[in-house]
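What follows is a single structure, written as structure tokens, with notes after it.
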Amino acid sequence: MTATATQAPSTEPVGPVEQVKGPRQRRTLRSRWLGVWSALVYIWLFAPIVVVVAFSFNDPAGKFNTSWNQFTLDNWLHPFAKADYTAALVVSLKVAAVSCVIATILGGLMALAISRYEFRGKGLVNIVLVLPLTTPEIVMGSSLFTLFFARDLDFGFTTVVIAHILFCLSFVALTIQARVRGFDWSLEDAALDLGSTPWRTFRTVTFPLILPGIGAAFLLSFALSIDDYIITSFVAGDHTTTFPMRIFNANKTEIPPQVNVIATAILVFTGSLMALGTWRSLKRAKL
Amino acid sequence: MTIADAAEPAVSTGRKPVIEIDDVSKVFGDFTAVDHADFTIAEGEFFSMLGPSGCGKTTTLRMIAGFEMPSSGAIRLQGQDVSNVPPHKRDVNTVFQQYALFPHMNVWDNVAYGPRAKKLPKDEVAKRVDELLGVVKLSDFAKRRPSQLSGGQQQRIALARALVNYPKALLLDEPLGALDLKLRQSMQLELKRIQREVGITFIFVTHDQEEALTMSDRIAVMNKGRVEQIGSPREIYDHPATVFVAGFIGQANLWPAVVKANQGTTTTIEVAGRAIEVADDRSGLRPGDHGTFMVRPERMYVEPQLSDPDRWTVDAVVTELVFQGPVVRYELRLPDGSGAVAHVPARRDGLPIPGDTVQASWSDESSVLLPGSPDQAPTVETGPPITAPPVTRD
């Protein structure tokens, strides 16, 4: 920037054409810098992901897939070669499926109630809804542990699901609420007016129209659930191991390349879902 | 009430009442949205509720539709009390202000929504939808999405969708408000045509007095939750019951008046320092009462010399003359300092010019005496009335 600042006055004594050129030059220089800066940001953001993807094609020399040895497709041909990792992945998917379905239903209903109706304590509900987002995971995990322990619950699948519902609920409710904010409630009036029962109105008008929001909320909570380690490790007990827990517990003894393969697969899967969503909304916008 | 009585003929001509609003009030917190509304709407009638925003017309409509429950009173649909019946169980349908078309359905499915909700057989649904799309002349657009249609087309789809259930009454909530002037005017005629074609009672809410005058069989003028007057467009225009109605519908010269004497239906009043007789007086004012005297601008004559001795006349000075094409708009000042406006046909010669002293006159049937003072006239929205401006004497 200083370079441009010192350059600009030097062009001043020259003809009017040059004067016009001055700011333009500055602009191109500035935009070039902006380009470099943006590229750096993107490298910063995506470097770890690139490493993860690249190392899924690595044939590690030892038990740790941490230094490049040689290219192989072997890991991709046998992604489920490590049975305990596969089992952990299945647990994670089950937990995510159950807890996200429940969280999406409950959170969706909350979002609808908050957006649609005026009721006493609405402000309080809104605050309580944001609270889990701001609570440190370590605090939530340990307090859930205390709660379940005091209730004498069996630690395992159920407690993990309960915990995951808890932290997904806020995300779901807030995501759907944002989607519902612009909803034209007179559409519901119109449906009722035409003789449709409240339930049929919800099924044929409200639900289809907020479905994209519900879908987004479900995917978001699914990602959160698959990803969570801290809270899960507090409430999982001794016999339930999720995928993140398995990786974390193993990182002192072994990191097989299958971890990278599965991570990459998840990445590609969610990435293509996002691309699909964007493509569809673009197509709709064009109509 | 004399006003209500005047409104009865439409019902007593043999047409059965479809909707009875029986002393209905609606209170939100400490705000009274509708204050003891009481009227009947007859079968096949084009009935308008007219008033400024916040006058209670939309709330009344929503109570008829079932979206609001009356705080007191009853709403009857063909004799049956429906005050607490939810909207999906009432045989009335609504055309919403912003149309409220279902954006995720095409035109055909939008129109078919009602009959499908009523679980009619498939061929009956198809028959009705095709018929109604024909009525609104949009059969070729059946497969389009609402977002692909123009405002006027969306409007007609909303109309078809609301008529497809053959409701006992169609409720229209400012349906033309979102359209531009030209389209609005053609839709007014279109609405009349469709109403004649289907023969269903239309209840039309609007704040546009011209729209109401053009389309309605009868109009209920509302203000601050109260029904000020119900009558045919002609009655309401020629014989407004209140200063508000006089000022809201069309333009009006409104002067403060004092009643001097009653003699049968003829009342002698003092206006602008002159004694004037009002024939066919319905104001109910007694000698000594203060009221408002009204003459419509287009009923005024402006001449250098009075040509017809049967007319009432006051001296006036022309302060302004505006040529508006078919008419010339005169602004006048009366001897007591109050102002007046007259619209007279534009002739080619002999028009008084500013500064001229003229005779401003009107005939018996153009004069109306109203209870209340001129400042009860509405001050905003369409067609601001020409109340006597306190012109300072120079």
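The values are calculated or read from the model by the stated rules, or taken from the named source; none is laboratory data. Here the structure is a predicted model, which is why all the values come from computation and not from measurement. As a convention, Cβ positions derive from the backbone with ideal geometry for all residues, glycine included, and neighbour counts pool all protein chains shown. Surface accessibility is based on the protein's heavy atoms, side chains included, excluding ligands, DNA and RNA. Shrake-Rupley method; radii C 1.70, N 1.55, O 1.52, S 1.80 Å.
Key figures for this structure:
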{"quantity": "Criterion violated by B:Ser53 - all others in (1) within 14 Å of chain A (Cβ to nearest Cβ); (2) open to solvent by 60 Å² or more (accessible area, probe 1.4 Å) satisfied", "calculated": "(1)"}
{"quantity": "Residue check for A:Ile262: touching a residue at least 24 places away in the same chain (Cβ under 8 Å), open to solvent by less than 30 Å² (accessible area, probe 1.4 Å) and part of a helix (DSSP H, G or I)", "calculated": "yes"}
{"quantity": "Matching residues, the stretch B:109-118, being surrounded by 20 or more Cβ atoms within 10 Å (Cβ to Cβ) and more than 8 Å from chain A (Cβ to nearest Cβ)", "calculated": "B:Asn110, B:Val111, B:Ala112, B:Pro115"}
{"quantity": "Test result for A:Asp154, open to solvent by 60 Å² or more (accessible area, probe 1.4 Å) and out of contact with any Asp or Glu (no Cβ under 9 Å at 6 or more places or on another chain)", "calculated": "yes"}
{"quantity": "Residues (of a type outside the set (A, V, I, L, M, F, W, C), over 14 Å from the mean Cα position of the chain (by Cα) and not in a helix (DSSP H, G or I)) located in the stretch B:51-67", "calculated": "B:Gly54, B:Gly66"}
{"quantity": "Complete set of residues in the stretch B:163-183 that are closer than 17 Å to B:Glu45 by Cα and buried (at least 20 other Cβ atoms within 10 Å of the Cβ)", "calculated": "B:Leu163, B:Pro167, B:Ala169, B:Leu170, B:Leu171, B:Leu172, B:Asp173"}
{"quantity": "Boolean, B:Ala261 is open to solvent by less than 60 Å² (accessible area, probe 1.4 Å), touching a Gly at 6+ places or on another chain (Cβ under 6 Å) and assigned to a strand (DSSP E or B)", "calculated": "no"}
{"quantity": "Residues that are more than 14 Å from chain A (Cβ to nearest Cβ) and open to solvent by 40 Å² or more (accessible area, probe 1.4 Å), drawn from the stretch B:135-157", "calculated": "B:Lys137, B:Ser139, B:Asp140, B:Phe141, B:Ser150, B:Arg156"}
{"quantity": "Residue match in the stretch B:201-211 (condition: away from chain A (no Cβ under 14 Å), in a helix (DSSP H, G or I) and among the aromatic types (Phe, Trp, Tyr))", "calculated": "no"}
{"quantity": "Only one of A:Leu124, A:Leu129 that is open to solvent by less than 80 Å² (accessible area, probe 1.4 Å), within 30 Å of A:Phe183 (Cα to Cα) and part of a helix (DSSP H, G or I)", "calculated": "A:Leu129"}
{"quantity": "Qualifying residue in the stretch A:95-105 (condition: under 30 Å from A:Gly213 (Cβ atoms), open to solvent by 80 Å² or more (accessible area, probe 1.4 Å) and of a type outside the set (Lys, Arg))", "calculated": "yes"}
{"quantity": "Meets criteria (at pLDDT 90 or above and either among the hydrophobic types (A, V, I, L, M, F, W, C) or surrounded by 15 or more Cβ atoms within 10 Å (Cβ to Cβ) (or both)) for A:Val172", "calculated": "yes"}
{"quantity": "Matching entry among B:Gln251, B:Gln229, B:Gln195, B:Gln188 (being part of a strand (DSSP E or B) and at negative phi)", "calculated": "B:Gln229"}
{"quantity": "Count of residues meeting criterion [among the charged types (D, E, K, R) and open to solvent by 60 Å² or more (accessible area, probe 1.4 Å)] in the stretch B:302-355", "calculated": "9"}
{"quantity": "Extreme residue, farthest from B:His104 (Cα to Cα), among residues of the stretch A:193-209 that are within 7 Å of chain B (Cβ to nearest Cβ) and open to solvent by 30 Å² or more (accessible area, probe 1.4 Å)", "calculated": "A:Thr197"}
{"quantity": "Within the stretch A:71-93, tally of residues that are assigned to a helix (DSSP H, G or I) and either surrounded by 15 or more Cβ atoms within 10 Å (Cβ to Cβ) or among the β-branched types (Val, Ile, Thr) (or both)", "calculated": "10"}
{"quantity": "Selected residue (criterion: farthest from B:Ile21 (Cα to Cα)) from residues of the stretch B:36-50 that are in a strand (DSSP E or B) and open to solvent by 40 Å² or more (accessible area, probe 1.4 Å)", "calculated": "B:His36"}
{"quantity": "Unmet criterion (only one of (1) without any contact (Cβ under 8 Å) to a residue 24 or more places away in the chain; (2) more than 13 Å from chain A (Cβ to nearest Cβ); (3) of a type in the set (A, V, I, L, M, F, W, C); (4) within 25 Å of B:Phe39 (Cα to Cα)) for B:Val85", "calculated": "(2)"}
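Conditions tested, residue by residue: (1) within 14 Å of chain A (Cβ to nearest Cβ); (2) hydrophobic (A, V, I, L, M, F, W, C); (3) open to solvent by 10 Å² or more (accessible area, probe 1.4 Å); (4) in contact (Cβ under 8 Å) with a residue 40 or more places away in the chain.
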site	(1), (2), (3), (4)
B:Ile64	yes, yes, no, yes
B:Glu68	yes, no, yes, yes
B:Ser71	no, no, yes, yes
B:Phe96	yes, yes, yes, yes
B:Phe102	yes, yes, no, yes
B:Leu120	yes, yes, yes, no
B:Val125	yes, yes, no, no
B:Asp130	no, no, yes, no
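Here's the yes/no breakdown for (1) within 23 Å of B:Val205 (Cβ to Cβ); (2) modelled with pLDDT of 90 or more; (3) of a type in the set (D, E, K, R):
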{"residue": "B:Gln78", "(1), (2), (3)": "yes, yes, no"}
{"residue": "B:Ala112", "(1), (2), (3)": "no, yes, no"}
{"residue": "B:Pro115", "(1), (2), (3)": "no, yes, no"}
{"residue": "B:Leu138", "(1), (2), (3)": "no, yes, no"}
{"residue": "B:Gly151", "(1), (2), (3)": "yes, no, no"}
